[in-house]
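Nothing in this text is a laboratory measurement; each read-out follows from the coordinates by a stated rule. The shown structure was predicted, so the numbers you read here are calculated from the model rather than taken from an experiment. Cβ sites come from the backbone with ideal geometry, for glycine too, and all protein chains shown count toward neighbours.
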């Protein structure tokens, strides 16, 4: 009669049967390392995003029971935009920030190209250009506040040499936003410069030599050979600069507190004012502003992620 009993596994002498975890520990190891960071990201980033969407549907002062109002907060934002009130001014200033802040990218590139040369005293130049990146935005705001001061500021001292009258940059509704953006461009240009300096170290010297043999030099060398190899650095510079422009807050808070007459507000600062300051702790209204700002940023983030996916697919 044939024996149909199940086969009993045999292990080498001294070896114990291995469990599921031991058999899969190599594939599980990356997930175990990622788990703490992923949990923090879910708790401190993803959950607050959905919570902001939820709070924006309520009228709430942060203490008393919340009252559901649906899309009323968004309707109020719409009418503020139509009436060119505070929300309109904040959104317009954010667009100005976004456009002018992009000047940091070509400025950082050209400074990096200069610092990449063999020049006498290049270490001193690198230290001077790197300095704005390591100091706090609060310090930058204070320095430029003194720089723009109409009584003793360096700007008006220089203007006085040419017989021009004093200009109160931070007290003039026409100039205040541009003055704050100029202050923000100082450290942002330094950051882009660092990205491009890192990228220039990875430029293939053989392609440069081949370009020289083909007669490329100057701007043609830069445009057709060097800049294409700096695409990863340019991509990161665009992402960081755009996000930095959209979430600008600290310089405005330090230099003008949104003034004069609210003319230097941006969405992040207006959200702070509405939710936690003089407007009566309107948490739902502030959350609605945060949602609008998030959706604007999401458009850019989605575009950058799609660009990354497309480039990787081509590669």
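Which Rg and Dmax, in Å, describe the Cα atoms of the range 53-314?
Cα-based Rg and Dmax for the range 53-314 come out at 22.3, 75 Å.
Taking the chain as a Gaussian network, where each spring joins two C-alpha atoms under 10 Å apart, which residue of 27, 56, 90 fluctuates the most?
27
With a 10 Å Cβ neighbour count serving as the proxy for reagent exposure, in which order, fewest first, do 240, 119 appear?
119, 240
Ranking 298, 200 by Cβ neighbours within 10 Å, fewest first, what do you get?
Fewest to most other Cβ atoms nearby, the residues stand as 298, 200.
Normalised by the residues of the range 53-314, what does the relative contact order come to in percent, with Cα pairs under 8 Å and at least six apart?
Reported as a whole number, the value is 30 percent.
As I understand it, the value is the acute angle between the Cα axis of helix 104-115 and the longest principal axis of the Cα atoms of the chain; what does it come to in degrees, rounded to 10?
Result, in degrees: 80.
Taking just the C-alpha trace of the range 102-252, give me its Rg and Dmax in Å.
Rg, Dmax (Cα atoms, Å): 18.6, 57.
Under the Kirkwood approximation applied to all pairs of distinct alpha-carbon atoms, what is the hydrodynamic radius of the range 129-183 in Å?
11.9
Normalized C-alpha radius of gyration of the range 51-120, against 2.2 N^0.38 Å?
1.97
Given a cut-off of under 8 Å on Cα pairs at least six residues apart, what relative contact order in percent is computed for the range 132-185?
Worked out over the range 132-185, it gives 26 percent.
Using Cβ counts within 10 Å as a stand-in for footprinting exposure, how do 299, 192 rank, fewest first?
299, 192
Taking the range 220-272 on its own, what percent of its Cα-Cα pair distances exceed 17 Å?
Summing the P(r) tail past 17 Å for the range 220-272 gives 53 percent.
State the extension gain, in nm to one decimal, for the chain segment bounded by residue 27 and residue 99, taking 0.36 nm per residue of separation less the distance between their alpha-carbons.
Full extension of this stretch gives 21.4 nm more.
Which whole number in µm²/s is D for the range 222-315 by Stokes-Einstein, with the Kirkwood Rh taken over Cα pairs at 37 °C and 0.692 mPa s?
The calculation lands on 210 µm²/s.
Quick one: helix 283-314 against the long Cα principal axis of the chain, what's the angle to the nearest 10°, folded into 0 to 90?
The angle comes out near 60 degrees.
Counting only helical runs of four or more DSSP H residues, what would the 222 nm mean residue ellipticity of the chain come to if each run contributes -39,500 (n - 2.57) and the total is spread over all its residues?
So the calculated ellipticity at 222 nm is -20500 deg cm²/dmol.
May I ask you to derive the relative contact order of the range 163-315, considering only C-alpha pairs under 8 Å and at least 6 residues apart, and to give it as an integer percent?
Rounded, it is 21 percent for the range 163-315.
Can you give me the Cα centroid spacing of the range 62-120 and the range 224-278 in angstrom?
5
Taking springs between alpha-carbon atoms closer than 10 angstrom, which of 33, 133, 43 fluctuates most in the Gaussian network model of the chain?
33
Please give the helix 137-148 orientation as an angle from the longest Cα principal axis of the chain, in degrees from 0 to 90, rounded to the nearest 10.
Taking the Cα atoms of the chain, the angle to 137-148 is about 20 degrees.
Could you tell me the calculated FRET efficiency between residue 182 and residue 66, based on Cβ-Cβ distance and R0 = 45 angstrom, to the nearest 0.05?
Computed FRET efficiency for residue 182 and residue 66: 0.60.
Taking the chain as a Gaussian network, where each spring joins two C-alpha atoms under 10 Å apart, which residue of 154, 95, 242 fluctuates the most?
Highest fluctuation among the options: 154.
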